[in-house]
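The values are calculated or read from the model by the stated rules, or taken from the named source; none is laboratory data. What you see is a predicted model; the values in this text were computed from it and never measured. Cβ atoms come from the backbone with ideal geometry, glycine included; neighbour counts cover every protein chain shown. For accessibility, only protein heavy atoms count, side chains too; no ligands or nucleic acids. Shrake-Rupley method; radii C 1.70, N 1.55, O 1.52, S 1.80 Å.
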Amino acid sequence: MRWNARRPPPTGQVWTQSEPHGSLEAESQSGRVDSEVDMDVSVRRAQREKVRFDSGGAECVAWHYPGRGSACVVMAGGFAVPKGPGTDRFAARFQEAGFHVLAFDFRGLGESGEGPCPVVSPRSQLADWAAALAFAPSLPGVDAGRLALWGFSATGGQVLDVAASEPGVSAVVAQTPGLGGPSAGVNAARYQSPLAMARLLGRGLVDEIGSRLGRPSRAVPLSGRRGEVAVLTTPDAVVTPSPLDQNGSYPEWRQVVAARSALRLAFASSGRHVSRVRCPLLVVVCDDDRSAPPAPALTAAGRAPRAEVLHLPGGHYAPFLAEHERAVEAEVAFLKRYLTA
């Protein structure tokens, strides 16, 4: 099914307190819970509670946005993007539509034990997704048979892999998915100088070796201009302020990552088993995306048995900018269709 963005489709114990950003802590059978009331950047009031779950011996910290029904959307931010800037605007809208939301930080990122410099491991992140799916049904009111996945950019690709291996997933939203692989490397090279790419590779190798010798991580920016050593130097990656934090609501997000993580990203390749995704899948592509070009995502969608594609104008971050309303309305409609039937 192809939707035209210019004509979007129709539309344990918990304590709360009224002060924005205030929190109380409690112990529940599913782990520690910190309840808070928060204001997202769209000025919509959202109640959420902080929860924690185990993933391979590591602790992942998440926000549970309680819903009115029994369906739950499990979410994570993009590459080296914590849950706040990466999910909050969409999570609040999903909660407003009646869904529970579990938005989590991968191990070593954000509140999940981030050190001086975040380190991203695609393999560990896939394990964290599986742990989040296993944890979600323990939340009050959540039905294990009504779980959805949501990711964007790098995690938009990851959710395809997770859904291919987790038959219990009921629906998936892959927003501007980055699938990695050789085509992603070729695309990145189009917008970067050979010298800067060589310097990034060298810094990543030094960082990888240094990590095995117990040395501190070498940080690189998530985005930069052509000729600068950064993970992405595509035209739509260099936007100030960040499209994910336009109001400066997340000053703790440093927008850097360990250089060796950039190497791991280069070798990660998502979506190879998308034909095994049997649940409904919504792929959101932006027609002018230079960071995650639409062609690989459209090819992947064509291989999924129950895929739908939403085309939006604009670049990689359009769903967080001018096309936010169209994106979120279409995603809510999709989730309602398959999670509340």
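Accessible area of the range 147-300 with a 1.4 Å probe: how many percent of it is carbon plus sulfur? Can you show the working numbers first?
Details: 3920 of 6900 Å².
Here carbon and sulfur together make up 57 percent of the probe-accessible area.
May I ask which residue of Gln246, Gly156, Met197 lies farthest towards the positive end of the charge dipole of the chain, with charges of +1 (Lys, Arg) and -1 (Asp, Glu) on Cβ and the Cα centre as origin?
The residue sitting most towards the positive pole is Met197.
Find, to one decimal place in angstroms, the Kirkwood hydrodynamic radius of the range 158-211, where the mean of 1/r is taken over every pair of different Cα atoms and then inverted.
Details: mean 1/r = 0.0710 Å⁻¹.
Kirkwood radius, the range 158-211: 14.1 Å.
For the range 135-176 and the range 238-305, what is the separation of their Cα centres, given in Å?
When both Cα centres are located, 15 Å separates them.
Per residue, what accessible area does the range 59-188 have, given a 1.4 Å probe and all protein chains present, in Å²? Before the final figure, lay out each step's value.
On the way: 3450 Å² over 130 residues.
I get 27 Å² per residue for the range 59-188.
Restricting to bridges with both residues inside the chain, how much of the DSSP beta-bridge set is antiparallel, in percent to the nearest 5?
Working: 28 of 58 bridges.
Given both bridge residues lie in the chain, the antiparallel proportion sits at roughly 50 percent.
Can you give the log10 of the normalised intensity I(q)/I(0) at q = 0.07, 0.09, 0.10, 0.12 Å⁻¹, computed with Debye over equal Cα scatterers of the chain?
Values returned for q = 0.07, 0.09, 0.10, 0.12 Å⁻¹ are -0.26, -0.44, -0.55, -0.81.
Using the Karplus curve 6.51 cos²θ - 1.76 cosθ + 1.60 with θ = phi - 60°, work out ³J(HN,Hα) for each residue of the range 310-323 in order, rounded to whole Hz, and write x for Gly and Pro.
10, 8, 10, x, x, x, 4, 9, 3, x, 9, 10, 4, 9
For Asp245, Asp287, give the ranking by accessible area with the largest first, probe 1.4 Å. Show your work: numbers first, answer last.
Values: Asp245 15, Asp287 75 Å².
Sorted by accessible area, descending: Asp287, Asp245.
What order do you get for 175-183, 213-221, 291-299, 200-208 when each peptide is scored by the mean count of other beta carbon atoms within 10 Å, highest first? Walk me through the numbers on the way to the answer.
On the way: 175-183: 23.0, 213-221: 14.3, 291-299: 20.2, 200-208: 17.7.
Highest-to-lowest ranking by the protection proxy: 175-183, 291-299, 200-208, 213-221.
Note down the magnitude of the dipole of the chain about its Cα centre, charges +1 on Lys and Arg C-beta and -1 on Asp and Glu C-beta and zero elsewhere, to the nearest 20 debye.
Details: 36 positive and 33 negative charges, 231 e Å.
With Lys and Arg at +1 and Asp and Glu at -1, about 1100 debye.
Keeping every protein chain in place, order Leu321, Leu263, Leu335 by accessible area at 1.4 Å, biggest value first, i.e. largest first. Present the calculation step by step, with values, prior to reporting the outcome.
Details: Leu321 75, Leu263 30, Leu335 0 Å².
Output order, biggest surface exposure first: Leu321, Leu263, Leu335.
Compare the Cα positions of Gly115, Ala103, Ala127 along the charge dipole of the range 91-130 (+1 at Cβ of Lys, Arg; -1 at Cβ of Asp, Glu; about the Cα centre) and return the one farthest towards the positive end.
Sorting the options by dipole projection puts first Ala127.
What number results when the radius of gyration of the range 185-301, computed over Cα atoms, is divided by 2.2 N^0.38 Å?
Numbers: Rg = 16.3 Å, N = 117, 2.2 N^0.38 = 13.4 Å.
In units of the 2.2 N^0.38 Å rule of thumb, it is 1.22.
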